[in-house]
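Heads up: the structure comes next, in structure tokens.
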Protein chains: 2
Amino acid sequence: MMKVMDAQPWLDDEQQDLWQALLTVVIALPAALDRQLQREAGISNFEYGVLARLSMADEATMRLSDLARVCDSTQPRLSKVMDRFEARDWVARRPDPGDGRYTLATLTDTGRQKLVESAPEHVAQVKRLVFDPLTAAQRRHLGTALTRIAATVRRELEGG
Amino acid sequence: MMKVMDAQPWLDDEQQDLWQALLTVVIALPAALDRQLQREAGISNFEYGVLARLSMADEATMRLSDLARVCDSTQPRLSKVMDRFEARDWVARRPDPGDGRYTLATLTDTGRQKLVESAPEHVAQVKRLVFDPLTAAQRRHLGTALTRIAATVRRELEGG
DNA sequence: TGCCTTCACTTGCCTAGGCAAGTGAAAGGT
DNA sequence: ACCTTTCACTTGCCTAGGCAAGTGAAGGCA
């Protein structure tokens with residue numbers, strides 16, 4: 001199958017299949033989600049996630065560094081997303097009164113409205129692409145495995 | 001008039017957890033792989049995949065359109081990757097003698113050498129982040145679920 | 001044969017995002 | 001009190017990649 005890998009077989013065939021499927025999912029799934037959201041709502045999958053996370057927070061407000069962490073974002077990336085959001089009046093930024101180094105971001109009513117109106121199509125897409133193809137047992141197993149991998153990857157990015 | 005939430009119910013708690021884990025994996029895993037490969041080999045995870053796929057092909061040669069499909073790439077994206085690879089003499093492009101519309105890409109010896117020398121670290125990283133956290137049974141289940149999702153996403157991107 | 005359509009691929013234009021350097025606020029040491 | 005260090009965040013510079021338009025080859029049909 002894979003010539004280089006045959007010469008130095010670090011991954012067996014079963015691992016190869018899993019790896020290929022995972023590669024397709026990490027490359028093609030965001031692309032599919034981005035396309036749908038861009039077309040319907042003019043935002044990316046990542047931006048949707050930021051809006052969703054903020055909307056879940058108490059008072060719809062979070063420190064940027066916390067938001068970056070839960071969104072698996074670097075700080076510069078989130079900073080620029082916030083620039084765009086602020087320009088559209090979807091979020092407001094203000095210094096944390098308790099510690100001037102932090103910045104608090106709050107979802108505005110306009111921002112929440114944007115999220116609510118783009119949610120149905122997006123959630124439907126997620127269900128169609130991720131949940132519908134699986135049985136209930138497969139979903140459970142998938143959740144277990146992905147949670148473990150996610151934790152490992154998070155440690156990697158924070159530590160490295 | 002039906003309410004939005006009735007038409008498109010939100011995800012339940014179990015689905016939320018799965019979805020969050022998948023989001024983290026889809027966003028953070030490529031980032032972690034890119035960082036390692038960029039640092040060690042000066043290429044991206046996607047570029048590594050292209051080299052690997054080409055190396056597996058018969059005569060290390062493929063039509064660009066076929067290569068794009070198996071790499072889950074758009075044609076412009078692959079076209080630009082090939083520009084970079086050709087500039088470094090990792091691949092050679094030539095028109096398909098059987099049909100002048102196609103372009104054949106062949107991995108050069110230099111290109112294969114680049115792949116072989118960057119493979120060990122990369123594979124080790126993949127094992128560490130994806131395989132090591134899982135039991136054998138979990139790997140099997142993960143492979144099954146991801147394969148189903150991957151097929152669905154592929155259909156989505158080709159059809160839509 | 002000539003023309004129109006349909007491919008496969010490339011190019012141009014624009015935005016997103018990574019990294020490294022810069023700014024400004026707090027904490028620690030003396 | 002001062003200076004240094006360590007934060008949280010932003011800015012600048014550069015490259016990757018998406019989309020839409022452009023190029024050139026092959027097939028279809030008169």
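The values are calculated or read from the model by the stated rules, or taken from the named source; none is laboratory data. Remember, it's a predicted structure, so these values are computed and weren't measured experimentally. Note: ideal-geometry Cβ built from the backbone for every residue, glycine included; neighbour counts use all protein chains shown. In case anyone asks, the SASA skips ligands and DNA or RNA and just uses the protein heavy atoms, side chains included. Shrake-Rupley method; radii C 1.70, N 1.55, O 1.52, S 1.80 Å.
Figures for the structure shown
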| item | result |
| --- | --- |
| First in the range B:122-137 and facing chain A (nearest Cβ under 7 Å), second anywhere and of a type in the set (S, T, N, Q), Cβ under 7 Å, 6 or more apart | B:Leu129/A:Thr152; B:Phe131/A:Gln15; B:Pro133/A:Thr152 |
| Matching option when the condition is part of a helix (DSSP H, G or I), free of Cβ contacts under 8 Å to residues at least 24 places away in the same chain and within 14 Å of DNA strand C (Cβ to nearest atom), among A:Ser65, A:Ser79 | A:Ser79 |
| Scope the range B:90-102; condition farther than 15 Å from B:Ala57 by Cβ and open to solvent by less than 80 Å² (accessible area, probe 1.4 Å); matching residues | B:Gly98, B:Asp99, B:Gly100 |
| Residue, most open to solvent (accessible area, probe 1.4 Å), within the range B:28-67, restricted to residues that are more than 8 Å from chain A (Cβ to nearest Cβ) and near DNA strand D (Cβ under 10 Å from one of its atoms) | B:Gln38 |
| Some residue of the range A:126-137 being under 18 Å from the mean Cα position of the chain (by Cα), at pLDDT 95 or above and of a type in the set (Val, Ile, Thr) | yes |
| Residue among B:Asp99, B:Asp89 that is more than 14 Å from chain A (Cβ to nearest Cβ) and within 12 Å of DNA strand C (Cβ to nearest atom) | B:Asp99 |
| Among (1) of a type in the set (S, T, N, Q); (2) open to solvent by 30 Å² or more (accessible area, probe 1.4 Å); (3) farther than 30 Å from A:Ala124 by Cβ, the one test that B:Gln75 misses | (3) |
| Whichever residue in the range A:103-115 is more than 15 Å from A:Asp58 (Cβ to Cβ) and of a type in the set (Ser, Thr, Tyr) and, among such residues, is most open to solvent (accessible area, probe 1.4 Å) | A:Thr110 |
| Yes/no for A:Gln20 being touching a residue at least 60 places away in the same chain (Cβ under 8 Å) and either part of a helix (DSSP H, G or I) or within 19 Å of B:Val25 (Cβ to Cβ) (or both) | no |
